[in-house]
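These notes concern the structure reproduced below.
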Amino acid sequence: MQRFWANLIGNQLVWLCAVAGAGHGWQWPALLAATLYVGSQVLTSPQPRVDLRLLLVAMACAWLVDASAAASGAVRYAAAPLGWAPPPWIMALWAAFAMTLTTSMSFLQRHLVLPILFGMLLAPLAYLSASRGFGAVQFRAPAWQGLLVFGLGWSIALPLLCAAARRWSRPSRHPPLAGASS
């Protein structure tokens, strides 16, 4: 239970560092917080290989979802060295989020529709919060277009990530090698 709460609260702290820092034009708070959080999660994970694989898939999803949002012109990120690419602070958020998929958000693995709904509804709210509360994201008017891009992107990315977590977290069907310790 302690790992659950550390995972959940740690991810929220990374989000706060990332959007607050980006709102001030800084990358380093997100990068530092995500590095510490991801490192701690991998080191304490019962399945570090699964978490690292999910991190890689999340990085690809970040490029697809957030680059699409930026390229559409509906969204502009603060502290973005390349306007068309997801800034490092966004990549840090996706890396941190990947660490939740086998712990605090593992319940999403048991559902087919829930990850779609979470992606479509809750992810855009996080971007809207980053926009209104911190100025880390700017939506071109009308804002619903940018929110729709995020909703569609996340409604595809989150089920994909959950399916990968579900598949990779399965216990091996093969017995351990003779002499191997479990």
Sort out which residues of the range 7-28 are more than 13 Å from A80 (Cα to Cα) and within 16 Å of the chain's Cα centre (by Cα), and write them in order of number. N7, L8, I9, G10, N11, Q12, L13, V14, W15, L16, C17
Sole exception among (1) without any contact (Cβ under 8 Å) to a residue 60 or more places away in the chain; (2) surrounded by 14 or more Cβ atoms within 10 Å (Cβ to Cβ) for L112, by number: (2)
Of all residues in the range 9-28, how many are part of a helix (DSSP H, G or I) and either within 11 Å of T102 (Cα to Cα) or free of Cβ contacts under 8 Å to residues at least 60 places away in the same chain (or both)? 6
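Conditions tested, residue by residue: (1) in contact with a Ser or Thr (Cβ under 8 Å, 6 or more places away or on another chain); (2) exposed (fewer than 14 other Cβ atoms within 10 Å of the Cβ); (3) more than 18 Å from G135 (Cα to Cα); (4) at pLDDT 95 or above.
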| position | (1), (2), (3), (4) |
| --- | --- |
| G10 | yes, no, yes, yes |
| L32 | no, no, yes, yes |
| Q41 | yes, no, yes, yes |
| D51 | yes, no, yes, yes |
| L55 | no, no, yes, yes |
| C61 | no, no, yes, yes |
| D66 | no, no, no, yes |
| A74 | no, no, no, no |
| P81 | no, yes, no, no |
So for the range 115-135 (the condition being hydrophobic (A, V, I, L, M, F, W, C), surrounded by 22 or more Cβ atoms within 10 Å (Cβ to Cβ) and closer than 14 Å to L16 by Cα), does at least one residue qualify? yes
If I ask for residues that are more than 18 Å from the chain's Cα centre (by Cα) and either under 18 Å from V19 (Cα atoms) or assigned to a helix (DSSP H, G or I) (or both), which ones from the range 62-74 would you list? A71, S72
Could you look through the range 75-97, keep only residues that are in a helix (DSSP H, G or I) and over 19 Å from S155 (Cα atoms), and pick out the one that is farthest from the chain's Cα centre (by Cα)? P88
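Condition test on A141, is it among the small types (G, A, S) and closer than 22 Å to L55 by Cβ?
no
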Those residues of the range 34-61 which are touching a residue at least 60 places away in the same chain (Cβ under 8 Å), in a helix (DSSP H, G or I) and not charged (D, E, K, R) amount to A34, Y37, V38, Q41, V50, L54, V57, A58, C61
For P124, the lone unmet condition from (1) touching a strand residue (DSSP E or B) at 6+ places or on another chain (Cβ under 8 Å); (2) within 17 Å of S72 (Cα to Cα) is (1)
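The values are calculated or read from the model by the stated rules, or taken from the named source; none is laboratory data. As the structure is a computational prediction, the values presented were derived from the model and not from experiment. Note: ideal-geometry Cβ built from the backbone for every residue, glycine included; neighbour counts use all protein chains shown.
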